[in-house]
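The values are calculated or read from the model by the stated rules, or taken from the named source; none is laboratory data. For clarity, every value in this text was computed on a predicted model and none was experimentally measured. So basically every Cβ, Gly included, is an ideal-geometry build from the backbone, and we count neighbours across all protein chains shown.
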Amino acid sequence: MLKKMNKRPNKLWSNLQVDTVRDREKTGFVDTPSRNEWGIRKYAGESVEKLRVIRKAQSFGFSLREINRTLMRKSLRQSTRREQRLGD
């Protein structure tokens, strides 16, 4: 499922600046979104959830470095589980 984000604030993107989202793309926290025929970015649900997690973790005082390490560990665990299931 893809979510749409544009410069108009809405419930999904309130409290999240466009520049912040672009920075998270550049630093690799979220995948670069696809674009529709008008060039509007369409974010996958997984990316939207990651942005929410990042914002929440920062509100608790975690640095981007700490958040990145945690997200990478989670991703590695999920990959390992998928490989184990495929091997069975």
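Within the stretch 26-43, can you find the residues that are closer than 20 Å to ARG65 by Cα and not small (Gly, Ala, Ser)?
Answer for the stretch 26-43, where residues must be closer than 20 Å to ARG65 by Cα and not small (Gly, Ala, Ser): LYS26, THR27, PHE29, VAL30, ASP31, THR32.
Evaluate the following for ARG65: is it loosely packed, with under 10 Cβ neighbours inside 10 Å, assigned to a helix (DSSP H, G or I), charged (D, E, K, R) and at pLDDT 75 or above?
Criteria met by ARG65.
I'm trying to understand the selection: among the residues of the stretch 23-60, which are polar (S, T, N, Q) and either over 15 Å from MET72 (Cα atoms) or part of a helix (DSSP H, G or I) (or both)?
THR32, SER34, ASN36, SER47, GLN58, SER59
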